[in-house]
Amino acid sequence: MALVLVLAVGAQWLGWRLRLPALLFLLVIGFALGQGVTPDEIFGRKLLFDGVNLSVAIILFEGSLGLKLREVRDLGRPIFQLCTVTAGLAWVLITGAAMALGFDGRVSLLLGAILTGPTVINPILRQLRPTRRVSALLRWEGIVVDPLGAILALLVYQAITSIDGSSIGQGVLNLGLTLLVGLLFAGPIGWIVTAMMRRHLIPDFLQGVIFVGVAVGTCVGANVIREESGLVAVTMLGIYLANQRNLELEPVIEFKEHLQVLLVGVLFIMLAGRVTPSQILDILSAGLIFVALLVLVIRPASVLLGLVGTETTRQERTLMSFMAPRGIVAASVASIFAMQFSESADHVREQAKQIAASDPEHSKRLFSFANQIAGMASQVDRLVPLVFLVIVCTVAIYGLGIGRLAEKLGLASASPRGVMFAGSPAWTIDTAKTLRDFDVPTLIVTRRAYDLYAVRKAGLRCEAADFLSEYATEDMD
């Protein structure tokens, strides 16, 4: 356990130092450690996956605390379509690709739900530093689609393992109920926490740990009412808190950023340690074809079709078409469902044995159904190494190649530094012109209409803002 903690931190420092995706180092370390001892042997499967669920909840809560609606007032429609139309298209296309590679249709639906959207955006955005619009679009898509993908995977799993089956209408109803429970559970908790913060009932030194407790309690409490609504609840709670006026959350956000970095590192090592090299080799050829379809066909098609009619630019759509890494939520959900399939088959067999004497005909149907689930379980077991192969490849492809693409499209800079002039006396315009001749980016910030006109006439970048305002200090480029 100590080795995992030390290596998780060390791998992320190494990734920062070499300017490479730390997730690649984490996965390699996890695969290597798993050859000596697996996490199941240390914790047991149930404790391990309960810990994974709670950690994922904290990670999603941390991400959602950065989703401020005022940042995306001009991006409401693109974000909505990314989280609905694009996600739905990706699910359908990934399902079709999995079926083409020989997976059962039901297992393909499960894989499509697990890999619906990008799920490890923040580490790459931290390295890339794209424009505000692109950053906002990707962060909202990644954080919102994460819990939706987990819920879709659960609904598919329930339909597959239910002997009576589930209709499309029932599935939609279950999805609606899950989202409703998450929203109704998060709302009152968010209101209480906000009231306590505004009345200074939580001291500064306890804010970070109390918010962790609130996130964990919200996740588990919502799950008690309705399974898998916990991830939705913590995401909604984070968004609610992030958009409250006059609520100082900087100490909380800083604490949770540190916790998130640690948890992501530990979880990747733990879950990668459950995958053996032989499992990767078994699906390597089919897996590489699948990754190529994801990167070259499915993501571009789902983004370009999903953003039709929105106010996004061609450059923004192009960059987003080649930005869909998968991460810890996909890895954890795939690992959990692989375990549950085997347990479900055993459970159905036990039911069949118990009623064998009283209802032999029904018992026979249950045994047949258990064998069907067991047959799918062998395919679901192949999903885990496939998902990890997708994670490794997409993080490597997008993490290593996206920077140059973003620079060519004019949506990011390899060296995002420049000079900002607060105010606009005449000498600032002359100085900004000189700096521009040396390829140094400049920005003039002023509120006076005449000065803005003079700056724009000179062909220089400017912002109509007070340079000490909240917008300037938090949101401005």
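The values are calculated or read from the model by the stated rules, or taken from the named source; none is laboratory data. These numbers were taken from a predicted model, which means no experiment stands behind them. Virtual Cβ from ideal backbone geometry, glycine too; neighbours counted across all protein chains shown. We work out accessible area using only protein heavy atoms, side chains counted, and drop any ligands, DNA or RNA first. Shrake-Rupley method; radii C 1.70, N 1.55, O 1.52, S 1.80 Å.
Here are the numbers for the structure shown:
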item	result
Residue that is more than 30 Å from ALA136 (Cα to Cα) and aliphatic (A, V, I, L, M), where the choices are ILE42, ILE59	ILE42
Segment 223-254, subset among the polar types (S, T, N, Q) and open to solvent by 20 Å² or more (accessible area, probe 1.4 Å), residue nearest to SER64 (Cα to Cα)	ASN243
Qualifying residues in segment 306-335 (those that are surrounded by fewer than 21 Cβ atoms within 10 Å (Cβ to Cβ) and either at pLDDT below 75 or of a type in the set (Lys, Arg) (or both)) - the one farthest from TRP140 (Cα to Cα)	ARG314
Segment 433-460 residues that are under 18 Å from GLY423 (Cβ atoms), paired with ones that are open to solvent by 100 Å² or more (accessible area, probe 1.4 Å) (beta carbon under 6 Å, 6 or more apart)	LEU443/ARG461
Residue match in segment 309-319 (condition: in a helix (DSSP H, G or I) and under 30 Å from VAL37 (Cα atoms))	no
The lone exception for GLN35 - which of (1) out of contact with any helix residue (DSSP H, G or I) (no Cβ under 6 Å at 6 or more places or on another chain); (2) open to solvent by less than 60 Å² (accessible area, probe 1.4 Å); (3) farther than 30 Å from SER229 by Cβ; (4) modelled with pLDDT under 90 it fails	(2)
Residue selected from segment 255-279 under the condition of a type in the set (D, E, K, R) and open to solvent by 20 Å² or more (accessible area, probe 1.4 Å), by the criterion modelled with the lowest pLDDT	GLU257
Residues of segment 54-86 that turn out to be farther than 27 Å from GLN244 by Cβ and either crowded, with 19+ Cβ neighbours inside 10 Å or touching a strand residue (DSSP E or B) at 6+ places or on another chain (Cβ under 9 Å) (or both), as a count	1
Matching residues, segment 190-203, being open to solvent by 50 Å² or more (accessible area, probe 1.4 Å) and under 23 Å from THR235 (Cα atoms)	TRP191, ILE192, MET196, ARG198
Filter pass, VAL56 being more than 20 Å from MET320 (Cα to Cα), in contact (Cβ under 8 Å) with a residue 60 or more places away in the chain and under 18 Å from the mean Cα position of the chain (by Cα)	yes
Segment 322-354: number of residues that are farther than 29 Å from GLU228 by Cα, of a type outside the set (A, V, I, L, M, F, W, C) and in contact with a helix residue (DSSP H, G or I) (Cβ under 7 Å, 6 or more places away or on another chain)	0
Long-range neighbours under 6 Å by Cβ, at least six apart or interchain, first residue surrounded by fewer than 16 Cβ atoms within 10 Å (Cβ to Cβ) within segment 347-375, second among the polar types (S, T, N, Q)	ILE355/SER363; ALA356/SER363
Top-ranked residue of segment 132-145 - restricted to ones that are open to solvent by 10 Å² or more (accessible area, probe 1.4 Å) and of a type in the set (D, E, K, R), ranked as farthest from MET320 (Cα to Cα)	ARG132
Candidates ALA324, ALA286, ALA222, ALA292, filtered to the one that is part of a helix (DSSP H, G or I), under 26 Å from LEU175 (Cα atoms) and small (Gly, Ala, Ser)	ALA222
Any hit, segment 244-258, residues being under 20 Å from SER332 (Cα atoms), in contact with a Leu (Cβ under 9 Å, 6 or more places away or on another chain), in contact (Cβ under 8 Å) with a residue 24 or more places away in the chain and not in a helix (DSSP H, G or I)	no
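Here's the yes/no breakdown for (1) at positive phi; (2) at pLDDT 80 or above; (3) hydroxyl-bearing (Ser, Thr, Tyr); (4) surrounded by 12 or more Cβ atoms within 10 Å (Cβ to Cβ):
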residue	(1), (2), (3), (4)
VAL387	no, yes, no, yes
THR394	no, yes, yes, yes
ARG404	no, no, no, no
LYS408	no, no, no, yes
ALA422	no, yes, no, yes
ASP437	no, yes, no, no
TYR450	no, no, yes, no
VAL455	no, yes, no, yes
CYS462	no, yes, no, yes
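The rows are residues; the columns are (1) assigned to a strand (DSSP E or B); (2) of a type in the set (Asp, Glu).
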site: GLN340; (1), (2): no, no
site: GLU350; (1), (2): no, yes
site: SER358; (1), (2): no, no
site: ARG365; (1), (2): no, no
site: VAL387; (1), (2): no, no
site: VAL392; (1), (2): no, no
site: PHE421; (1), (2): yes, no
